[in-house]
1. Taking amide hydrogens as modeled 1.01 Å from N in the peptide plane, which residues meet the under 5 Å criterion relative to T50, leaving out close sequence neighbours?
2. If the reach is capped at under 18 angstrom between alpha carbons, list the lysines near K12, excluding any in the same chain fewer than eight residues apart.
3. In the chain, if every C-alpha pair distance is counted and binned at 5 Å from zero, what percent goes to each bin?
4. Ranked by accessible surface with a 1.4 Å probe, highest first, in what order do M62, M48, M1 come?
5. Could you provide, to the nearest whole Å², the per residue accessible area of the chain with probe 1.4 Å?
6. Once the dipole of the chain is set up with Lys and Arg at +1 and Asp and Glu at -1 on Cβ about the Cα centre, which of G44, A27, I71 lies farthest towards its positive end?
7. What are the aspartates and glutamates whose alpha-carbon lies under 17 Å from the alpha-carbon of K11, with same-chain residues fewer than 8 places away excluded?
8. Using a 1.4 Å probe on the protein chains only, how many percent of the accessible area of the chain belongs to carbon and sulfur?
Amino acid sequence: MIIKILGSGCKKCLALEENAKAAADAAGKQAEVIKVTDFAAIAGYGVMSTPALVVDDKVLSMGKVLTSAEIELLL
């Protein structure tokens, strides 16, 4: 599973990254977490509000920091 965190690297983006890692661990899933900060790449996903969570190239959330429990439900 590939999890991408789309954003500028702000505090909210970092929080979403940590929550995504925790959710993957809690779900017992092998996950590679990648930060995407290139705005052209972010726009390519159709994301206009960051941070955004993308799992296996599917946008699951944008514009908010999900908790690890919320992310675990999406995985």
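1. Result for T50 returns G63.
2. List returned: K4, K21, K35, K64.
3. Computed distribution, short to long bins: 3, 19, 33, 27, 13, 4, 0.
4. Numbers: M62 90, M48 165, M1 65 Å².
So, going from the largest accessible area down, we get M48, M62, M1.
5. On the way: 4320 Å² over 75 residues.
That works out to 58 Å² for each residue.
6. Of the listed residues, the answer is G44.
7. The reachable aspartates and glutamates, counting only those whose Cα sits under 17 Å from K11, are D38.
8. Numbers: 2270 of 4320 Å².
Carbon plus sulfur share of accessible area: 53 percent.
The values are calculated or read from the model by the stated rules, or taken from the named source; none is laboratory data. Keep in mind that this is a model prediction, so the values were computed, not measured. Note that we place each Cβ from the backbone using ideal geometry, even for glycine, and neighbour counts take in every protein chain shown. Just so you know, the surface numbers come from the protein's heavy atoms only, side chains and all, with ligands and any DNA or RNA stripped out. Shrake-Rupley method; radii C 1.70, N 1.55, O 1.52, S 1.80 Å.
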